Structures are given as structure tokens and as C-alpha cells.
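Report on the structure given below.
The values are calculated or read from the model by the stated rules, or taken from the named source; none is laboratory data. Nothing here was measured: the structure is a model prediction, and the numbers come from that model. Quick reminder, even Gly has a Cβ in these numbers, built from the backbone with ideal geometry, and neighbours come from all protein chains shown.
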Amino acid sequence: MTAHDLLLFEDDHTPERDVIAAREFAERYLQAEHGSQERASMATALTVLLDDPSRAIRKAIAKTLASSAYAPAHVVRSLASDVDEVAVPVLRESPILTEAELVDLLAQGSETVQCAIAGRAGLPASISAAICEVANERACQVLLDNPGAEVLQSSLLRLAQRFENRPDICDQLLRTRDLPLANRYELLMRLAESLDDHPIVLERVPENQRHTFLSDAEDKVVLRLALEASVEELPDFVEHLRSRGKLNTRLLLRSVCCGRLRFFAAALANLGQVPLPRLCKLLVTVRRSALQAILRKAGLPIRSHQAFLLAIDIARQAEADFTYDLALDEARMLTETLLEEMQDGALGADEDVAAFLRRFAIEVARLEARLLVKNGSLHITAAA
């Protein structure tokens, strides 16, 4: 059967037969030897069929040629600019389309076109950058879900800027380990701000407690990120918090009670302008008077010094060196011991510090209980 025979449709031809014929053209082109008359005939037939009004015919050609590096380039490029239904297979797979062509198609294309390009295997950084810059939210989500895409940190930062108020894409960005810690923090703060008028908060948190609830939520975000931070990331993260005015007494006291000793040391080093390695040594070796001088230099209020000094003492007794974080059970014991010491009237503790510790001791105990249940170490049987 020749190309001429196939193109001269009979009067009784059906759409199904036309699609089969078009698919056969594409298959015969790919199977023919390079430079052969057969391949030339099939290329001519495919070129003619690009003008066929039937989308099904053009789609059949596109699906057959999509993944081949040997398909006729002019046919593939024409199909890539066709209607979405036809274009998607080649946009998603064709190795013939260049990076420049894909960027142009992306800029001019619909959401469907952008998603098809974003889902390509082995997507290079240049196209990923273009997607992060101009594509719609859905295409950017497809890109973040594409395990074969190369996405530079600068592109992730651009996404964070563009979609900081869109919870779905923020959630995807937060699961991307390459996003810098400071930017992860900013995205989480956007989500935390939305809690202010969240129905669950409005229903379950009394109005006079909402400020405390939201402040606690912010602190928990910081300490969760601090737990995940590498040695290299932590100082930059702390500096970002300091520039935002977030390194307050409450956060530092919570960090030491929560067992985030690495963060506590990094924050104290930043505030007191002391090199972190030297500060870690000072925290485990010097006397109380020297520690109090460090706290003063860091700008922490005098009324909080007693709590910090006691916490450092307790951490020392646990042989912590402030270069690693405590386990949750160790943090609970530290908090409970600190609370017992603070409740001794002879220590002259301020009531607001003691009140914070009482509230936090309950919180840590509940966290530990939840962890035990989650890990299967504790089985709770519901009453019949």
C-alpha cells in the first residue's frame, strides 16, 4: 500500500479507518531506512495529514511519533503548535524539540501545554526556571512533583515569591529539601498567619488566649526547622531570625526546654557576637558569673537569667555539650527539673517565667505521650 493509495480516501471510508491509516504512516516512517523512498513517501503523507480537520488523525500521528528522536522534525514541530489535545504527547516526550522551542511554547501555551512541558522527563534547569518564572500554579505544581526535573535553588526562591499565599504550592515547596531554611520559615509564617481567623482556632481557642496560641505556633515552626537544620544552615537561619526581631527571650527559653540546644547556642552566639564553637565550650566550662555576663551581652533581660542559668546547669548535669539536641524524654526531664527549681521561692523567680514553664512542661509531656503512641510503644484501649 502506497502513500498515494492511503491519501485517496474511498467514498466509504470511516473515521476509524482514517486514524488507523494515519498511525500506519507514522509507524512505517519510523521503520523505514534513513534516506529510503519509503521514508520520503511516508514523510509526504504525514505532512499532508497535518492539514486534516480531524483531531483524532493528528493525535494518532502525535502519539506514534512523540518519543522518537528520528521522527520528521517539521511534523513534530507542527504538532507541538497544534491544539492541546494533539500537542500534549509531543510536548511531554519529544526529544526533537529544543530548549528554546519549549520555552517559547511554554510562554504562549495554555495551562495544559505548560503542564505537559513541566512533566517532561529529565527537564533541564533552563526550562524549569522559565516555568517558575511565567507558568501558572498548576504547571509549577507539576514541576515540583517531577522527580526528573532539575530545579535550581534560585528557581525555588522565585516560586516562593510568586506563590507565598497559595497553601497547596507552599506545601510542595516545604517538602523540597533544596529550599533554603530562611525561605521555608517565611512560607510557614504565611501559613501561621492564616490561623488567626481559621474556623478551628475561632471555635476551640478562647479569644483571650489566641495571641499566646499564635505566638506558640510561630515558635514551634522555628524550633522544628532548627531541628532539621544542618551545622552549615543554622547560623544563617539564626541571623535571619535576628534581623526579623524574632530572637526573643520566650523563644530562647522554649528552645532550651525543648532540647534544641544547638539552636539555643547558635542564637546566644549570634546575639552576644561570640564565635559559636567558643560559646559551646563556655556553656559547659565557665562559672555562673561568666555565663551571666554572656546572657547580659546577648541582651536577655535580667529577670530571665535565673531560668537560663538553671537550664544550662541541668543540661550540664546531663552531659550535654550544646552541639547536639536532646531527645524528647530528656527535654521533658529538663523542663520538669527546671520547673521544680524555679518554684523554690528562694530563687526569686518571676511568676511569668514560672507560668511559661508550667505551661510548657504540660506541652512537652503531651508531645512525648503522642510520640509513644505513634511509635507503638504505648497501646491505648478505648472503653467499651
Over the stretch 228-285, the set of residues without any contact (Cβ under 8 Å) to a residue 24 or more places away in the chain, basic (Lys, Arg) and farther than 27 Å from residue 176 by Cβ is 278, 281
Subset of the stretch 302-332, residues in a helix (DSSP H, G or I) and aliphatic (A, V, I, L, M), comes to 302, 307, 309, 310, 311, 312, 314, 315, 328, 331
Conditions (1) surrounded by 22 or more Cβ atoms within 10 Å (Cβ to Cβ); (2) out of contact with any helix residue (DSSP H, G or I) (no Cβ under 9 Å at 6 or more places or on another chain) -> residue 257 fails only (2)
Within the stretch 60-88, residues small (Gly, Ala, Ser), assigned to a loop (DSSP other than H, G, I, E, B) and farther than 17 Å from residue 30 by Cβ come out as 81
Being crowded, with 16+ Cβ neighbours inside 10 Å, within 18 Å of the chain's Cα centre (by Cα) and at pLDDT below 80 narrows 187, 191, 179 down to just 191
Among (1) surrounded by 15 or more Cβ atoms within 10 Å (Cβ to Cβ); (2) in contact with a helix residue (DSSP H, G or I) (Cβ under 8 Å, 6 or more places away or on another chain); (3) farther than 24 Å from residue 173 by Cα, residue 93 falls short only on (2)
All-but-one check, residue 140 against (1) closer than 25 Å to residue 31 by Cα; (2) surrounded by 15 or more Cβ atoms within 10 Å (Cβ to Cβ); (3) assigned by TED's automatic domain parsing to the domain that holds residue 172, failing number (1)
